[in-house]
1. Pull out all pairs, ordered by first then second residue, where Cβ-Cβ is under 7 Å, the residues are six or more apart or on different chains, the first lies in segment 66-89 and is under 17 Å from residue 51 (Cα atoms), and the second is part of a loop (DSSP other than H, G, I, E, B).
2. Please state which of the following conditions residue 74 fails to meet, knowing it meets all the rest: (1) β-branched (Val, Ile, Thr); (2) part of a helix (DSSP H, G or I); (3) more than 23 Å from residue 15 (Cβ to Cβ).
3. Would you confirm whether any residue within segment 14-23 is of a type in the set (A, V, I, L, M), out of contact with any strand residue (DSSP E or B) (no Cβ under 8 Å at 6 or more places or on another chain) and loosely packed, with under 12 Cβ neighbours inside 10 Å?
4. Which residue pairs have Cβ atoms under 6 Å apart, sit 6 or more places apart or on different chains, and have a first residue in segment 5-22 that is farther than 14 Å from residue 33 by Cβ and in contact (Cβ under 8 Å) with a residue 12 or more places away in the chain and a second that is in a helix (DSSP H, G or I) and not aromatic (Phe, Trp, Tyr)?
5. Among the residues of segment 6-27, which ones are part of a helix (DSSP H, G or I) and touching a Leu at 6+ places or on another chain (Cβ under 7 Å)?
6. Please go through segment 35-50 and give me each residue that is within 17 Å of residue 81 (Cα to Cα), free of Cβ contacts under 8 Å to residues at least 40 places away in the same chain and not β-branched (Val, Ile, Thr), ordered by number.
7. Which numbered condition trips up residue 64, out of (1) in a strand (DSSP E or B); (2) surrounded by 11 or more Cβ atoms within 10 Å (Cβ to Cβ)?
Amino acid sequence: MTKKTVTRADLAESVHQDVGLSRTESAELVDRSLAILSDALVKGENVKLSSFGSFLVRSKNQRIGRNPKTGEEVPILPRKVVVFKPSNVLKDKINYTMTSAGK
């Protein structure tokens, strides 16, 4: 199985081929969609894409980490992280693909 990363350009090209917009319009559509998603997450809102999954913002508390080389304890500051929770539809699709391929 070859591993490929899907890029913005790949998404724009797919929109161009499937929807029929120009390449420039397709790229703008993808960029605008990602900007809306990013802006919502920055505001602390959750983003739900039906049949795909949800992006959630979670807060992590401060904790003590350890440098693996020196063993020195280092404080890890509190921060917010983005978490993706796939929908059951996406999970089923992935698992069906893996089972039908004999994996």
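1. Correct list of pairs: 87/51; 87/52; 89/51.
2. Result: residue 74 fails condition (2) only.
3. Our first condition is that a residue be of a type in the set (A, V, I, L, M); within segment 14-23, this holds for 15, 19, 21.
Next, only the ones that are out of contact with any strand residue (DSSP E or B) (no Cβ under 8 Å at 6 or more places or on another chain) stay: 15, 19, 21.
If we keep only those that are loosely packed, with under 12 Cβ neighbours inside 10 Å as well, we get 19.
There is at least one residue in segment 14-23 that is of a type in the set (A, V, I, L, M), out of contact with any strand residue (DSSP E or B) (no Cβ under 8 Å at 6 or more places or on another chain) and loosely packed, with under 12 Cβ neighbours inside 10 Å.
4. Pairs found: none.
5. So the first thing to find is which residues in segment 6-27 are part of a helix (DSSP H, G or I), and the list is 8-19, 23-27.
The answer is 15, and nothing else.
6. Taking segment 35-50 and keeping what is within 17 Å of residue 81 (Cα to Cα), we get 37-48.
Of the ones still in play, those that are also free of Cβ contacts under 8 Å to residues at least 40 places away in the same chain are 37-40, 42-48.
Hits for segment 35-50 are 37, 38, 39, 40, 43, 44, 45, 46, 48.
7. Condition not satisfied by residue 64: (2).
A quick yes/no check of all residues on (1) part of a strand (DSSP E or B); (2) modelled with pLDDT of 95 or more; (3) surrounded by 11 or more Cβ atoms within 10 Å (Cβ to Cβ):
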{"position": "4", "(1), (2), (3)": "no, no, no"}
{"position": "29", "(1), (2), (3)": "no, yes, yes"}
{"position": "34", "(1), (2), (3)": "no, yes, yes"}
{"position": "37", "(1), (2), (3)": "no, yes, yes"}
{"position": "44", "(1), (2), (3)": "no, no, no"}
{"position": "56", "(1), (2), (3)": "yes, yes, yes"}
{"position": "70", "(1), (2), (3)": "no, no, no"}
{"position": "82", "(1), (2), (3)": "yes, yes, yes"}
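The values are calculated or read from the model by the stated rules, or taken from the named source; none is laboratory data. The structure displayed is predicted, hence computed values, not measured ones. Cβ sites come from the backbone with ideal geometry, for glycine too, and all protein chains shown count toward neighbours.
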